[in-house]
Amino acid sequence: MRRLSSIVLFAMLAFCTEQNRIFVHTEAMDDVARPDVGDDIEVLHVPTDGYTTQKPGFYAIHSLSDWLLMWSDARPDTNPPPPPQAIDFDQEMLFVATAPTDGAKRIEIRKVIGSNSGIHVYVVETLPGTTCPRKAAGPPPMDIVAFKSSPFDIHVHHDRVHADDCGPPPDAIATCRVAGSGTSGQNKITVRAGQTIDCDASASKPRTGNIVDRNWQLTSAPTGSITKLTVGNQGRGVTMAVDAWGTYVLSLQIRDEVRDGFTTATIDAPPPTDTIPIELQWASTDRNDETSMYPRVELHVVDSGDDCGPAAAKTWCEVHPVGAIQNAELKPDANKSYRVYVSYQDFRLRGAPVACVRTYPRGASRLICDEQQRQAGAVWELGTLDPVTRTFGDAKTQPPLVDAGAPAHDAGNHHR
């Protein structure tokens, strides 16, 4: 059943020849009035862009004086906006509907009918869905129509309905690039381990109001990676070191004043194929660990007494430290074999983070870990690496092969 209430507003100005009594009939929430029988009145919708100081309510406008009354401060010296230029008040009138309900999404004059009882204007005011956040404070929505001038009573049938949904989500856009490269970002890039990546959310756009929050997450990273996101001002961007070979996935959540939008960016750092990759990483760790507390270790590769390590790059080998992880690349030479070892600068207790070495034999990966207690100055010998098979000659150190694309885990690195 409709709950009918009537509010009578009188607009009677001594200097105005036209007079309309306005009767507002507000229906029950989510109940839409059925139009009465009558003659359709042809109307022209007038643009309302740029209006910000309108007062809530319903107004019949026959003159500039009437027009001034619908603004928050109607004094001429406050410079209220002028009426639409195309309207001839000698022959036409305006009817203005400005949303009376706080937080309304929009208001629409849907139909105007003439009958023996006067002019009937059917207005629908749309409110946010019952589970949607309220719209931020701002000017109330309005709609304006123009039609042939008339002095008859105006019956406004004011319907209030809740929106079916909360509106479209914001456009979440995440782009990444190598830091300092000067290139435009993409949502999927291929990089090398050891590079630093910038990701940016500034191209994201709200659908309702403004962006109020940005939330980045490192949702997936290669096994062994301990990289973390560094978040910029108001979450507009993040930086991240690519510390291990593999695939990283970042998710971005953008929130405007009504809904959340989501997107992802993918950073692929495949093991190189033109060199022999070896990686020193860690196990038995937590992403929130302070890596400065890990035992200090160094990855070394030796060719006929020529020792390549973090502090001693060679023409045939380089070792790149990225945080607590070290990535080595060797130029392949089928006529050579390489001694690989890890030196400990600090004492390692059992149960402490475990140093591991990952190799990549022809599209797969092998991980070897050192769980022994080690004294400072100790050396963990991994054996001799065959540059053709990319495996160690000591069969005792050979764990099962794993697809090189498989090792990845939920990084659990969340940032706002």
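The values are calculated or read from the model by the stated rules, or taken from the named source; none is laboratory data. What you see is a predicted model, and the numbers here were worked out from it, not measured in a lab. Here the Cβ is made from the backbone with ideal geometry for all residues, glycine too, and neighbour counts use every protein chain on show.
Of note:
- Residues of segment 225-242 that are modelled with pLDDT under 95 and buried (at least 23 other Cβ atoms within 10 Å of the Cβ): Ser225, Ile226, Thr227.
- Residue match in segment 239-250 (condition: under 14 Å from His320 (Cα atoms) and part of a strand (DSSP E or B)): yes
- Which numbered condition Leu252 fails, given (1) at pLDDT below 95; (2) under 13 Å from the mean Cα position of the chain (by Cα); (3) not basic (Lys, Arg): (1)
- Of the residues contained in segment 52-65, one or more are found to be over 37 Å from the mean Cα position of the chain (by Cα), modelled with pLDDT under 95 and either loosely packed, with under 12 Cβ neighbours inside 10 Å or assigned to a helix (DSSP H, G or I) (or both).
- Exclusive hit being touching a helix residue (DSSP H, G or I) at 6+ places or on another chain (Cβ under 6 Å) and more than 24 Å from Ala221 (Cα to Cα), set Gly383, Gly305: Gly383
- Looking across segment 161-191 at every residue that is in a loop (DSSP other than H, G, I, E, B), among the polar types (S, T, N, Q) and more than 14 Å from the chain's Cα centre (by Cα), the one that is surrounded by the most Cβ atoms within 10 Å (Cβ to Cβ) is identified as Ser181.
- Test result for Gly309, surrounded by 15 or more Cβ atoms within 10 Å (Cβ to Cβ), free of Cβ contacts under 8 Å to residues at least 40 places away in the same chain and out of contact with any Pro (no Cβ under 8 Å at 6 or more places or on another chain): yes
- Yes/no for Arg339 being basic (Lys, Arg), buried (at least 19 other Cβ atoms within 10 Å of the Cβ) and part of a strand (DSSP E or B): no
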